[in-house]
Amino acid sequence: MKYKNQSEVVEAVQWFQEGDHDEVIKLLITPEGTVTEDSIIYSAWESSIGDGIVTLVYAIETPEGLTPVTPGDYIITRANGEMSPCGPDIFEQSYKPV
């Protein structure tokens, strides 16, 4: 859906869960570092999610690098294709539907 603020029109989708936006990826934060879902060691760590050692994080690639996304965030796509997550409170104060 298109939204606008004072200076731009953007596409935005509110993200709640896996599958809501194609660009949101799953990452595991492990003692050995960050593991992406396409890694050959992902499944070895996946069973440890929630045990205090491994944390599941959803993220999106932004100009600043991988940025976490939490349920309820809006994924904003600007005209140049750059994406960024935005919390619902800030998004709803800043953008209005077009």
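The residues in the range 7-48 that are open to solvent by less than 70 Å² (accessible area, probe 1.4 Å), among the aliphatic types (A, V, I, L, M) and either within 30 Å of Tyr95 (Cβ to Cβ) or at pLDDT below 90 (or both) can be counted, and the count is 6. Restricting attention to the range 74-82, does a residue exist that is open to solvent by 70 Å² or more (accessible area, probe 1.4 Å) and either farther than 24 Å from Lys96 by Cα or part of a helix (DSSP H, G or I) (or both)? So far as the range 74-82 goes, no, none of its residues is open to solvent by 70 Å² or more (accessible area, probe 1.4 Å) and either farther than 24 Å from Lys96 by Cα or part of a helix (DSSP H, G or I) (or both).
Scanning the range 88-98 for residues that are within 19 Å of Val24 (Cβ to Cβ) and open to solvent by 30 Å² or more (accessible area, probe 1.4 Å) yields Pro88, Ile90. When residues of the range 1-42 are filtered for being more than 16 Å from Glu61 (Cβ to Cβ) and touching a Gly at 6+ places or on another chain (Cβ under 9 Å), how many remain? Of the residues in that region, 2 qualify.
Taking the range 51-66 as the range and being assigned to a strand (DSSP E or B) and open to solvent by 40 Å² or more (accessible area, probe 1.4 Å) as the test, the residues that pass are Thr55, Leu56, Tyr58, Glu61, Leu66.
The values are calculated or read from the model by the stated rules, or taken from the named source; none is laboratory data. Remember, predicted model here, so these are calculated numbers, not experimental data. FYI the Cβ positions are ideal-geometry reconstructions off the backbone, even for glycines, and counts take in every protein chain you see. Ligands, DNA and RNA are stripped out before the accessible areas are found, and what is left, the full protein with its side chains, is counted by its heavy atoms. Shrake-Rupley method; radii C 1.70, N 1.55, O 1.52, S 1.80 Å.
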